[in-house]
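A quick write-up on the structure given underneath.
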Amino acid sequence: MANSSYLCSSDEASLYPSGFVEGFDPATGVVAHDVSGIPLLWLAMFRPADLVTGTFTVDPDDTDDGEGVVVATAPLAAKDRALTRLDAALPVLNRLFAAEGAVDAHAALLRQAIEKAPGAHVTIELEEIEGLWEEGAFQPALRAALACLDGETDPAADRARLISLSGLRPGRPFPSARLLVDDLEAEDDDYWNLVRLLGASLVAEVPWETAAPTG
């Protein structure tokens, strides 16, 4: 089974646009992707109220019961609301990860990527990540993690939830948002954590990997 997550932008307010929105082009509609987790700042764009459940018809051979119907829950929000939520989450994240450092500069680059992508809605395709968790464990963990972004109630538990979902390696300063663009000296964990904060390019360029052209 694959184990990737995808941050997608689409004109339609749809979950899983790569499979269910006609004309969706991954080359432009997939803003970024990650492997084995969901980047921290992607999560910051959503709250529990943004979790949407949809029913999809698929190839019966792709379902356990052979019925060809899948029910899935994932975050979905209008782009402007997602970016407002991202901004609102930054003080919370900066408190929870005070030992690692502020993420404002990283969030600014994610904002650039979201604003550049076509479409009015953003969502995370995360079923492959959910499949890595024990049955029934992922959705409660996701909901609790999103809830803490409005203001942490148990900082240690909230931090642990966000680390578990994102795959961050805590305990060292977060890498510069311009780590790759400026070719800064770094350790393996720095490269790892940059992706766990922001994701990585699938096809479309992202501003934390490629500098914007000048002139």
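The values are calculated or read from the model by the stated rules, or taken from the named source; none is laboratory data. Just so it is clear, the model here is predicted, and its values are computed rather than measured. Every residue, glycine among them, receives a Cβ derived from its backbone with ideal geometry; neighbour counts consider all protein chains shown. Protein only, heavy atoms only, side chains kept; ligands, DNA and RNA dropped before computing areas. Shrake-Rupley method; radii C 1.70, N 1.55, O 1.52, S 1.80 Å.
Key figures for this structure:
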{"quantity": "Positive-end extreme of charge dipole, region 136-215 - chosen from P175, A211, L198 (charges on Cβ)", "calculated": "L198"}
{"quantity": "Loop-located GluC sites (Glu not before Pro) in region 153-215 whose Cβ has at most 15 other Cβ within 10 Å (DSSP)", "calculated": "E185, E187, E205"}
{"quantity": "Of P91, A145, S36, farthest towards positive along the dipole that unit charges on Lys, Arg, Asp, Glu beta carbons give the chain", "calculated": "P91"}
{"quantity": "Extended-chain gain in nm, criterion 0.36 nm per residue less alpha-carbon gap, E128 and Y191", "calculated": "20.4 nm"}
{"quantity": "Mean residue ellipticity (222 nm) of the chain, computed from DSSP H runs ≥ 4 via -39,500 (n - 2.57), nearest 500", "calculated": "-10500 deg cm²/dmol"}
{"quantity": "Alpha-carbon spread of region 111-155, three principal axes, descending order, Å", "calculated": "35, 28, 13"}
{"quantity": "Whole-percent carbon and sulfur share, accessible surface of region 1-135, 1.4 Å", "calculated": "49"}
{"quantity": "Dipole magnitude (debye, nearest 20) for region 99-194, charges at Cβ of Lys, Arg, Asp, Glu", "calculated": "300"}
{"quantity": "Computed Kirkwood radius, in angstrom, where 1/r is averaged over Cα pairs of region 4-46", "calculated": "11.0"}
{"quantity": "Against the rule of thumb 2.2 N^0.38 Å, how large the Cα Rg of region 142-215 comes out", "calculated": "1.32"}
{"quantity": "Accessible area in square angstrom per residue, the chain, 1.4 angstrom probe", "calculated": "47"}
{"quantity": "Cβ charges +1 (Lys, Arg) and -1 (Asp, Glu), total dipole of region 141-190, debye", "calculated": "320"}
{"quantity": "Centre separation in Å (Cα based) which lies between region 136-215 and region 1-39", "calculated": "18"}
{"quantity": "Largest-first principal axis extents, alpha carbons of the chain, Å", "calculated": "51, 47, 31"}
